[in-house]
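For reference, the structure I am asking about is given below.
Laboratory data are not the source of any read-out in this text; all were calculated from the coordinates shown. What you are looking at is a predicted structure, and each value in this text was computed from that prediction instead of being measured. When we count neighbours, we look across all protein chains shown, and the Cβ atoms used for this are built from the backbone with ideal geometry, even at glycine.
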Amino acid sequence: MYYEDTDAGGIVYYANYLRFFERARTEWLRACGIDQSRIADETGAIFIVRQADLDYRAPARLDDTLQIICRIARIGRASVEFEQQAWRADTLLVAADIRIGCVDRSAFKPTAIPAPVFAALERGPAIKPASRVNGACVSAV
């Protein structure tokens, strides 16, 4: 963790975990071969955070190295639910359930996840086995 990630007490500021989880989801999608800009240009579909539930269990501090785990809990017609976790070594710091909605970028109304994206989500990331933990993508922060 960097100084910019912490509060005055040297603890990682709680809202920063949303940034960490966003980055991990983006990398997860890239590992699945999903190019969000291209999908938006070709189909008009974009992904937005619909709901975020975070359970803070232990603090991270300046100079800690975290691993962010990202896995799909459920795929719906127009939404994806991710389970995400922030770990420091063997200590679970934050657990999150994040619901992502697929919307039409001009109307911001729900729309079906484009078929190629849906298929890629079902397949999961094409990453090295060493980067997977229990079927989840692992990113270092």
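Provide I11, I98 in ascending order of the number of other Cβ atoms located within 10 Å of each residue's Cβ, fewest first.
Ascending number of Cβ neighbours within 10 Å: I11, I98.
Through the Karplus equation 6.51 cos²θ - 1.76 cosθ + 1.60, θ set to phi - 60°, convert the phi angles of region 75-85 into ³J(HN,Hα) values in whole Hz; use x for Gly and Pro.
So the J values, rounded to whole Hz, are 10, x, 4, 10, 8, 9, 10, 9, 9, 10, 9.
Mind giving me the nanometre distance, one decimal, between the label points for A52 and A115, set 7 Å out from Cα along Cα→Cβ?
3.4
How large is ³J(HN,Hα) for each residue in region 29-46, as worked out from phi by the Karplus curve 6.51 cos²θ - 1.76 cosθ + 1.60 (θ = phi - 60°), to whole Hz, x for Gly and Pro?
Once θ is set to phi - 60°, the couplings for region 29-46 become 4, 4, 5, 7, x, 9, 9, 4, 5, 5, 4, 4, 5, 7, 10, x, 8, 10 Hz.
Also, I was wondering about something else. Can you sort C70, C32 so the residue with the fewest Cβ neighbours within 10 Å comes first?
C32, C70
Counting other beta carbons within 10 Å of each Cβ, put T65, T111 in order, fewest first.
T65, T111
Suppose only helical runs count, i.e. DSSP H with n ≥ 4. What mean residue ellipticity at 222 nm does that imply for the chain under -39500 (n - 2.57) per run, divided by all residues and rounded to the nearest 500 deg cm²/dmol?
So the calculated ellipticity at 222 nm is -7000 deg cm²/dmol.
Same structure again: Can you give the log10 of the normalised intensity I(q)/I(0) at q = 0.14 Å⁻¹, computed with Debye over equal Cα scatterers of the chain?
-0.67
Across region 54-71, in residue order, what do the Karplus-derived ³J(HN,Hα) couplings come to in whole Hz, using 6.51 cos²θ - 1.76 cosθ + 1.60 with θ = phi - 60° and x for Gly and Pro?
The phi angles translate into 10, 10, 8, 10, 7, x, 9, 10, 3, 6, 5, 10, 10, 10, 10, 9, 9, 9 Hz.
Report the one residue of G124, S37, V94 whose Cα lies farthest in the direction of the positive end of the charge dipole of the chain (charges on C-beta: Lys and Arg +1, Asp and Glu -1; origin at the Cα centre).
Positive-end residue among those listed: G124.
While we're on this one: Tell me the trypsin sites (Lys or Arg not before Pro) within region 1-100 that lie in a loop according to DSSP and have at most 13 other beta-carbon atoms within 10 Å.
Passing sites in region 1-100 are R57, R77.
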